[in-house]
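The values are calculated or read from the model by the stated rules, or taken from the named source; none is laboratory data. In this text, all values refer to a predicted model and were calculated from it rather than measured experimentally. Heads up, the Cβs are rebuilt from the backbone with ideal geometry, glycines too, and the neighbour counts pull from every protein chain shown.
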């Protein structure tokens, strides 16, 4: 049982480049989320999904796109990377109903 | 809106010392409360949780009690170990409709020394 997996673990981008952070879970969870972790700010919700085909914005959605074509996968797209998007990104999934969220190992992104 | 406030770190303790990390929250409705732990270089793991007032969550010697009257969920451990060195996050979840989203505190770094 792999849980929540994320790729890549590390990435360096130049300003203006695009990329997709991959996230997959094998627990058949309906709810999936993306968070970013910045020093002194905890984790902040970027986007979330309550099921295949349904996504919504979180606290800090600007500059990011998501889609959810299957229950298992929830990729996060940066269309035009900016230095302000330098952060550690975590994907999480949950059954919902206030249940615990399961986190992936994270992707450390640096934008120069 | 929802918010979580936890004490700033770092907290530095000697092994076997008593630990308290304070956490207070503001939320609409009746949130579930969580403590997550992040070890160096890793993702977050659930440490313990409580889903209603007066519930006590416990795991690995850590405890926290859901206090609705003081809107608090303080984390305690009677005797810390070097292996407890990590960043601890207090969080709440409100199941609004079909969504289930976490609001985190800023995290408290704990360093335990011999």
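Summary of computed values
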{"read-out": "Residues located in region A:87-97, provided they are within 7 Å of chain B (Cβ to nearest Cβ) and free of Cβ contacts under 8 Å to residues at least 60 places away in the same chain", "value": "A:97"}
{"read-out": "Given (1) in a loop (DSSP other than H, G, I, E, B); (2) modelled with pLDDT of 95 or more; (3) more than 15 Å from residue A:30 (Cα to Cα), number of the condition residue A:65 does not satisfy", "value": "(1)"}
{"read-out": "Matching residues, region B:13-27, being surrounded by fewer than 13 Cβ atoms within 10 Å (Cβ to Cβ) and over 17 Å from the mean Cα position of the chain (by Cα)", "value": "B:14, B:16"}
{"read-out": "Residue list for region A:57-72, filter: touching a residue at least 24 places away in the same chain (Cβ under 8 Å) and within 24 Å of residue A:95 (Cβ to Cβ)", "value": "A:58, A:66, A:68, A:71, A:72"}
{"read-out": "Candidates A:35, A:48, filtered to the one that is within 10 Å of chain B (Cβ to nearest Cβ), without any contact (Cβ under 8 Å) to a residue 24 or more places away in the chain and crowded, with 21+ Cβ neighbours inside 10 Å", "value": "A:48"}
{"read-out": "Odd one out for residue A:62 among (1) more than 11 Å from chain B (Cβ to nearest Cβ); (2) touching a strand residue (DSSP E or B) at 6+ places or on another chain (Cβ under 6 Å); (3) surrounded by fewer than 18 Cβ atoms within 10 Å (Cβ to Cβ); (4) under 26 Å from residue B:90 (Cα atoms)", "value": "(2)"}
{"read-out": "Some residue of region B:96-106 being away from every other protein chain (no Cβ under 14 Å) and either out of contact with any strand residue (DSSP E or B) (no Cβ under 7 Å at 6 or more places or on another chain) or over 22 Å from residue A:41 (Cα atoms) (or both)", "value": "no"}
{"read-out": "Unmet criterion (only one of (1) more than 11 Å from chain B (Cβ to nearest Cβ); (2) in contact with a strand residue (DSSP E or B) (Cβ under 8 Å, 6 or more places away or on another chain)) for residue A:100", "value": "(1)"}
{"read-out": "Elements of type strands (runs of 3 or more DSSP E) contained in region B:26-65, each with 3 or more residues being in contact with a strand residue (DSSP E or B) (Cβ under 6 Å, 6 or more places away or on another chain) and either at the interface with chain A (Cβ under 9 Å from one of its Cβ atoms) or modelled with pLDDT under 90 (or both)", "value": "B:32-38, B:44-50"}
{"read-out": "Residues located in region B:90-107, provided they are at pLDDT below 95 and not in a loop (DSSP other than H, G, I, E, B)", "value": "B:91, B:92, B:93, B:94, B:101, B:102, B:103, B:104"}
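Every residue, every condition in (1) within 18 Å of residue A:102 (Cα to Cα); (2) surrounded by 19 or more Cβ atoms within 10 Å (Cβ to Cβ); (3) in contact with a helix residue (DSSP H, G or I) (Cβ under 6 Å, 6 or more places away or on another chain), yes or no:
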position	(1), (2), (3)
B:29	no, no, no
B:84	no, yes, no
B:87	yes, yes, no
B:108	no, yes, no
